[in-house]
1. Given points 7 Å out from each Cα along the Cα-Cβ axis, report the Thr127 to Thr159 separation in nanometres with one decimal.
2. Can you list the residues, at least 5 places off or on another chain, whose amide H is less than 5 Å from the amide H of Phe84, using H built in the peptide plane?
3. If you roll a 1.4 Å probe over the heavy atoms of the protein chains, what accessible area per residue do you get for region 101-166, in Å²?
4. Rounded to the nearest 10 Å², what accessible area does Ile75 show when all protein chains are kept and the probe is 1.4 Å?
5. With θ taken as phi - 60° and the coefficients 6.51, -1.76 and 1.60, list the Karplus ³J(HN,Hα) couplings across region 125-130 in order, rounded to whole Hz; mark glycine and proline as x.
6. Sort Lys100, Lys126 by accessible area with a 1.4 Å probe, largest first.
Amino acid sequence: MRRVLVVVAAAAVVPVLGACGGTTSGTATTSTSAVEVALWNPCTEIPDDLLRQLDVDPATEESGIAGVEQSGWEICKWAGREYFLTVYSTRHTVREIEQKPGNVEFAPVTVGSRTGQSYRVEGAGKTYNCDIVFSARQGAVSLRIGNRASGDNSTDPCTTARAAADVLVPVFPG
């Protein structure tokens with residue numbers, strides 16, 4: 001009977017560990033710091049007037065990637081005549097983003113009192129896209145400008161990303 005109780009007790013603990021994102025070895029403790037901060041959602045937290053100021057249409061809002069939600073991320077994308085604006089919110093840190101293979105050409109950026117990193121992603125779209133990432137208590141928040149390949153937009157996407165950051169950083173979480 002005791003063996004059955006141990007198995008039942010273990011079965012009750014496994015879903016809790018899975019919900020925390022993994023297991024750890026050592027002694028279990030109770031801590032209020034283990035409560036995760038909710039991810040900031042750019043689709044609901046960026047006002048339409050700011051989007052219009054950035055020349056993207058709020059009505060083109062797309063959540064996730066191609067409408068598919070991504071675990072551990074809140075992603076929102078809007079379209080404009082010359083470029084797309086995508087804002088990412090994640091528990092990943094700036095350091096993790098810097099270490100991700102394919103992320104290149106990092107350069108420090110300061111917007112107001114916030115410091116971040118601009119970078120590009122290797123590949124065919126490297127010249128059309130530019131990302132800027134900032135630390136947040138939840139992990140990181142970043143924005144991407146993706147110039148339309150079919151457009152006549154010859155502006156460096158990092159210049160546009162910097163201008164977008166000037167507008168958006170005040171609403172990004174700290």
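The values are calculated or read from the model by the stated rules, or taken from the named source; none is laboratory data. Because the structure is predicted, anything quoted here is derived from the model rather than measured. As a convention, Cβ positions derive from the backbone with ideal geometry for all residues, glycine included, and neighbour counts pool all protein chains shown. Surface areas here come from the heavy atoms of the whole protein model, side chains and all, with no ligands, DNA or RNA. Shrake-Rupley method; radii C 1.70, N 1.55, O 1.52, S 1.80 Å.
1. 1.5
2. So Phe84 has HN proximity to Gly146, Asn147, Arg148.
3. Heavy-atom SASA per residue in region 101-166 reads 48 Å².
4. The accessible area comes out at roughly 10 Å².
5. x, 3, 7, 8, 10, 8
6. Working: Lys100 120, Lys126 60 Å².
Largest accessible area first, the residues go Lys100, Lys126.
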